[in-house]
Amino acid sequence: SAWVANYPEGVGRYDLETGDFLGSIPASTEICLAMDQGFASLWVGDCVNNTIVRVNAATGEVAARIALPFDELPNESSVAAGEGGVWVLSKRTYPYPDLVRIDPATNEVAETFPAPSEATAVRAGEGALWVTLEAETLYDCAADAGTTGGVWQNDLRYDDVRVEQRSG
């Protein structure tokens, strides 16, 4: 299936072969995160209800609505499915936004980490978790975060790589 956020309401589902509209999955009228597919599901950020909606990719049925441990999702961010979980950033709070890992086996928030201060979006793949920042810096958060709380930082402005230690 092809999935389209906020059209007509919630998430629209289309047949890849014919382009026919198959129906919509109710979420809210404000899907604010780029969706991702993984763990046999589509993962959708619902900013009105501050939840992640898990949709069974085969049936289009809502499998779970997962409450998040922070007050607000950021507009124009993303959900990342892969590398051991489903990952979501909170709206920026002082001093750092939160990065949460949802366990797809339990549909519960399993861990929370401090994300880089300018974090705006997250994606998973190639053995790592990738966080986009407003600045010209790229962070590979999964390289060490699971064991020591370190964050690999590749700063494109200065062509250097270093590990920044933060406690979670």
When segment 66-78 is examined, which residues are found to be over 13 Å from T132 (Cβ atoms) and in contact with a strand residue (DSSP E or B) (Cβ under 7 Å, 6 or more places away or on another chain)? I66, A67, L68, P69, F70, L73
Quick one: in segment 44-59, which of the residues that are part of a loop (DSSP other than H, G, I, E, B) and in contact (Cβ under 8 Å) with a residue 12 or more places away in the chain is nearest to I31 (Cα to Cα)? C47
Please go through segment 60-85 and give me each residue that is in contact with a Gly (Cβ under 6 Å, 6 or more places away or on another chain) and assigned to a loop (DSSP other than H, G, I, E, B), ordered by number. L73
State the number of residues belonging to segment 32-58 that are closer than 16 Å to E72 by Cα and surrounded by fewer than 22 Cβ atoms within 10 Å (Cβ to Cβ). 7
If we keep only residues of segment 70-97 that are modelled with pLDDT of 90 or more and farther than 14 Å from G45 by Cα, then the residue most open to solvent (accessible area, probe 1.4 Å) is E83
Within segment 1-31, restricting to residues that are under 19 Å from E72 (Cα atoms) and open to solvent by less than 20 Å² (accessible area, probe 1.4 Å), the one that is modelled with the lowest pLDDT is S28
Quickly run through segment 112-129 and pick out the residues that are open to solvent by 10 Å² or more (accessible area, probe 1.4 Å) and either over 13 Å from the mean Cα position of the chain (by Cα) or hydroxyl-bearing (S, T, Y) (or both). T112, F113, P114, S117, E118, T120, E126, G127
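The values are calculated or read from the model by the stated rules, or taken from the named source; none is laboratory data. These figures come from a predicted structure and were not determined experimentally. With ideal geometry, Cβ positions are generated from the backbone for all residues, glycine too; neighbour counts draw on all protein chains shown. The accessibility values were calculated without ligands, DNA or RNA, using every heavy atom of the protein model including side chains. Shrake-Rupley method; radii C 1.70, N 1.55, O 1.52, S 1.80 Å.
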